[in-house]
């Protein structure tokens with residue numbers, strides 16, 4: 001007696017998808033992110049009839065900054081952080097992020113991004129440390 005299994009729904013119907021890394025999304029601060037940039041892209045995919053979005057690994061990139069060559073499959077790439085929620089809760093201000101606004105929007109300039117990103121990230125983290133208990137009370 002043989003039992004015939006039905007195909008999963010994702011394989012039994014025709015569908016289309018896109019392969020696009022988060023860094024290729026438009027971003028206000030010189031690079032796409034896993035927050036607002038990604039949500040906007042998902043909305044676009046949905047309205048366009050796409051069913052799948054495949055991305056390259058999101059770990060910290062190695063030499064040459066290729067998303068196919070990451071240093072760790074367990075760590076996330078800090079460049080993909082969405083700054084908007086951090087601005088909203090006061091961990092960093094738009095003025096403090098203004099150097100990142102000078103980055104090109106049509107390509108990722110990793111050298112300049114590296115130089116400008118980490119001072120802002122350290123500032124946001126130090127404020128997070130200062131207000132950790134207050135933030136935990138609000139956000140869990």
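The values are calculated or read from the model by the stated rules, or taken from the named source; none is laboratory data. Quick caveat, the model's predicted, so the values are computed rather than measured. Note: ideal-geometry Cβ built from the backbone for every residue, glycine included; neighbour counts use all protein chains shown.
Summed over region 47-84, residues that are within 17 Å of residue 114 (Cα to Cα) and surrounded by 16 or more Cβ atoms within 10 Å (Cβ to Cβ) total 12. The selection criterion, being over 30 Å from residue 10 (Cα atoms), out of contact with any strand residue (DSSP E or B) (no Cβ under 9 Å at 6 or more places or on another chain) and in a helix (DSSP H, G or I), holds for residue 134. Within region 95-111, the residues that satisfy the criterion of being touching a helix residue (DSSP H, G or I) at 6+ places or on another chain (Cβ under 9 Å), farther than 12 Å from residue 79 by Cβ and not in a loop (DSSP other than H, G, I, E, B) are 96, 97, 99, 101. The condition of being surrounded by fewer than 14 Cβ atoms within 10 Å (Cβ to Cβ) and either modelled with pLDDT of 95 or more or within 25 Å of residue 23 (Cβ to Cβ) (or both) holds for residue 104.
Scanning region 30-51 for residues that are without any contact (Cβ under 8 Å) to a residue 40 or more places away in the chain and more than 23 Å from residue 105 (Cβ to Cβ) gives 46, 49, 50. For region 59-94, filtering for residues that are touching a strand residue (DSSP E or B) at 6+ places or on another chain (Cβ under 8 Å) and in a loop (DSSP other than H, G, I, E, B) leaves 7. With respect to the numbered conditions (1) at pLDDT below 95; (2) surrounded by 11 or more Cβ atoms within 10 Å (Cβ to Cβ), which one is the sole condition not fulfilled by residue 133? Here residue 133 meets the rest and fails (2).
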